[in-house]
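Remarks on the structure that follows.
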Amino acid sequence: MARKVTVTAQLPKTVEVSIRGASDTLRIDVRIDGEKKGSLNIGSGSVAWWPAYSSVNGHRVSWTKLIEIMEAMPTYRIAKKLGHSN
C-alpha cells in the first residue's frame with residue numbers, strides 16, 4: 001500500500017534567506033502516514049534536516065556541499081512541472 005506523505009511549509013511573514021545570518025528561515029515539516037519524520041530548514045548559508053522530536057541531533061550541510069551531494073547521485077530524466085498541481 002502506498003504511504004501518504006504530507007509536506008507542510010511554515011512560512012514567516014517574509015522569507016529573506018538571501019541575507020547571511022537572517023533569523024527567518026523556511027521550515028518544511030515532513031510527515032509520512034501522519035507521523036512527523038522531521039523538518040527541513042532552509043537558510044541563506046545552509047540546509048538542515050532535524051529528525052522528529054530532536055533539537056540537538058540535526059544534520060546541516062552548506063549549499064556548496066548539498067550541490068556536490070546531489071550532483072554525485074544518479075540522474076533521472078524528470079519533467080519540471082512548476083506551478084502545476086496534480
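Nothing in this text is a laboratory measurement; each read-out follows from the coordinates by a stated rule. In this text, all values refer to a predicted model and were calculated from it rather than measured experimentally. Cβ: placed from backbone, ideal geometry, glycine included. Neighbour counts: every protein chain shown.
Quick notes
- Cα-projected label distance for K37 with V7, points at 7 Å along beta-carbon direction, nm: 1.1 nm
- Here each label is just a point 7 Å from Cα along the line to Cβ, and for Y53 and M73 those points are 2.7 nm apart.
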